[in-house]
Amino acid sequence: MLLAISCKKQETEKEEAFQKNADSLIAPFELTNNYKAFFTDDTSFPENGEVKVTFFGVSTLLLDDSETQLLIDGFFSRPSKNEVMTAKISTDKIAADSIISRFKMDRVKAIFAAHSHYDHAFDVAYVTQKTNAELFGSLSTLNIGRGGGLKEDQMSLFVPGKLHNFGKFGVIVLESKHSPMDSKTNHEGKEILFPLSQPANTLEYFEGGSYDFIIRYNNKTIYIKPSANYIKGMLNTF
Ligand SMILES: [Zn+2]
């Protein structure tokens, strides 16, 4: 009997723990339903040695210390779901120009594309051209650049582990792994082998390898992980 009571108590505790866990899982979802409430429109200039990081969605990030800007990814177009699934599309130049202008992206020294799926690299060629930056990426990303008219001296192939310096920023590229994909998009590691020109179907933007970034700034380190997977031990030396 005592055992039964004990089991019953354990069951109740389990149920309570499950409910608590479920509540915590639901809470962020409820928040994301109202995601626009979290938008800010801060185009202010970083001051007093601050490093400002602006998030443009997916993993497009602008790092700015008022002297030097770095861009992680380059995805400013927002094609509709229908366009993504069926149409051949091109960079939304009006949207990209507006962001480049509003965020005063005239000091972008380098653009690092985390991988070559469209939601990371669709606009990198146009943005590299407009900002006069240098595009760093995988073979696939560089073929997106070539298809967009970039010249070889505007692009550099990733060298994982190498430190690149831009102003006070240091950037190290790390090999990583894409989050698990479903069967329709299961082309992990598949390369874009030839220059990819627009208009193009978003499904032509193969992953081409995934990368993380370590950003050094003075004595601070920022770790950027654009896709939710990892290679075991990759951070052991950092
Ligand atoms: Zn992806």
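Translational diffusion coefficient of the range 48-224 at 37 °C, 0.692 mPa s, Stokes-Einstein with Kirkwood Rh over Cα pairs, in µm²/s as a whole number.
Numbers: Rh = 16.2 Å.
For these conditions, the coefficient is 202 µm²/s.
Would you mind estimating how fast the range 43-86 diffuses translationally, via Stokes-Einstein at 37 °C and 0.692 mPa s with the Kirkwood radius over Cα pairs, in µm²/s? Working shown, then result.
Numbers: Rh = 12.1 Å.
Rounded, D is 272 µm²/s.
What is the distance in Å between the Cα centroid of the range 218-234 and that of the range 130-163?
Using only Cα atoms to place each centre, the spacing works out to 21 Å.
Give me the Debye-computed log₁₀ of I(q)/I(0) at q = 0.11 Å⁻¹ for the range 154-220, equal point scatterers on Cα only, no solvent, two decimals.
-0.39
Which entries in Lys162/Lys232; Lys36/Lys104; Lys109/Lys162; Lys93/Lys168 show an alpha-carbon gap greater than 25 Å?
Beyond 25 Å: Lys93/Lys168.
Specify which residue in the list Asn132, Ile172, Ala121 is farthest towards the positive end of the charge dipole of the range 48-224, using unit charges on the beta carbon of Lys, Arg (+1) and Asp, Glu (-1), about the Cα centre.
Asn132
Every number in this text was worked out from the coordinates using simple rules, so none of it is lab data. Every value quoted in this text rests on a predicted model; they were computed, and no experiment measured them. For neighbour counting, all protein chains shown are included, and Cβ atoms are generated from backbone atoms with ideal geometry for every residue, glycine included.
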